[in-house]
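Below is one structure; the comments refer to it alone.
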């Protein structure tokens, strides 16, 4: 099946009907939260202090609530078969969502507690659906994953890590929501190509709920995902990826990794960066890829625009980085070697660009990461 045929299939009347309900519900509820922030703002508004803060005005940071409610409403409009895939995501995602919202409101939930909540969501999803990662297309690891205990534990940690990676990249208007919507549509595209129309419909409905939030978040930043939204959507993307690989043996695990490569690479690189500087892995800083892109280039390219415009432009540019990965994954999803090669090439590309932004000159990504890590903090202006 060609990509065009898959796209046409995804945008069928039945899918559009359910997706429109989800998007409209999410959008309307986001607007209501913005208009009524004077009622709940003392609890829900985002603070502007902090090293990672980049917005110019406070805004509600509970954008995950409209998305979850939009998905719940869309699920009610879907067929029973699609409901059977959406409902476990809603149920299993609650620990990650609830702990994230508690952090949004109280600002007192530790990173470790939120990480554990996302891992619990992964375990709960395994229990409800019976799915867990049984292969990663790597010899030796696949043998270990043939043991149920190893498979479930690996799935829970992988899902928890993916959920936290979305929270890490959620830094500018439209960044996380653009990446997530494109990633989900990518999973829908591959699912439809391999004949898994139910999973394709599920991913498409999820993307539509995110899209409803997007138009209130971007470009003016009137509402933010918050931890609740980031963790829930991170879990949802990860679980759709798990189901794609487990339900469809012909799909390479590397193609699923390819679609999620940007946030995963960002979180791994952040841990590495803080490790070489002897900092806690959860220590905030302004050395993320999106922060550097804004500081080094967007402010110069669009010098006549406001800081909020810089945030929105950066967010959209970074979010669209997932689009090439989705296109490549859709083309090579049934080939392990090509999928792995694409993952490797995009990782090298990410590292090369990051090194350029840090050191103001191109250098070998292997030299940057492996041989001379010590100058990273100094070159970055710390």
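The values are calculated or read from the model by the stated rules, or taken from the named source; none is laboratory data. The structure presented is a predicted model; accordingly, all values stated were derived computationally and were not measured. With ideal geometry, Cβ positions are generated from the backbone for all residues, glycine too; neighbour counts draw on all protein chains shown.
Against the condition touching a residue at least 24 places away in the same chain (Cβ under 8 Å), crowded, with 20+ Cβ neighbours inside 10 Å and assigned to a helix (DSSP H, G or I), how does residue 256 come out, does it pass? In short, yes.
All of (1) modelled with pLDDT of 95 or more; (2) surrounded by fewer than 24 Cβ atoms within 10 Å (Cβ to Cβ); (3) assigned to a loop (DSSP other than H, G, I, E, B) hold for residue 221 with one exception: (1).
Note on region 105-174: enclosed helices (runs of 4 or more DSSP H) holding 3 or more residues that are at pLDDT 95 or above, out of contact with any helix residue (DSSP H, G or I) (no Cβ under 7 Å at 6 or more places or on another chain) and on the phi < 0 side of the Ramachandran plot are 141-144, 148-169.
Across region 262-294, the qualifying residues are those that are without any contact (Cβ under 8 Å) to a residue 40 or more places away in the chain and in a helix (DSSP H, G or I), and the one among them that is surrounded by the most Cβ atoms within 10 Å (Cβ to Cβ) is 274.
Of all the criteria given as (1) more than 16 Å from residue 224 (Cβ to Cβ); (2) surrounded by fewer than 16 Cβ atoms within 10 Å (Cβ to Cβ); (3) in contact (Cβ under 8 Å) with a residue 24 or more places away in the chain, the one not satisfied by residue 107 is (1).
On inspection, residue 59 qualifies as in contact with a helix residue (DSSP H, G or I) (Cβ under 8 Å, 6 or more places away or on another chain), modelled with pLDDT under 95 and either surrounded by fewer than 16 Cβ atoms within 10 Å (Cβ to Cβ) or farther than 25 Å from residue 280 by Cβ (or both).
Residue pairs whose Cβ atoms lie under 7 Å apart, separated by 6 or more positions or on different chains, with the first residue in region 16-32 and closer than 22 Å to residue 199 by Cβ and the second outside any helix (DSSP H, G or I), are 18/78. Of note, residue 186 does not satisfy the criterion of being part of a helix (DSSP H, G or I), more than 27 Å from residue 248 (Cβ to Cβ) and at pLDDT 95 or above. When the criteria are applied in full, residue 124 meets the requirement of being surrounded by 14 or more Cβ atoms within 10 Å (Cβ to Cβ) and either under 20 Å from the mean Cα position of the chain (by Cα) or touching a residue at least 24 places away in the same chain (Cβ under 8 Å) (or both).
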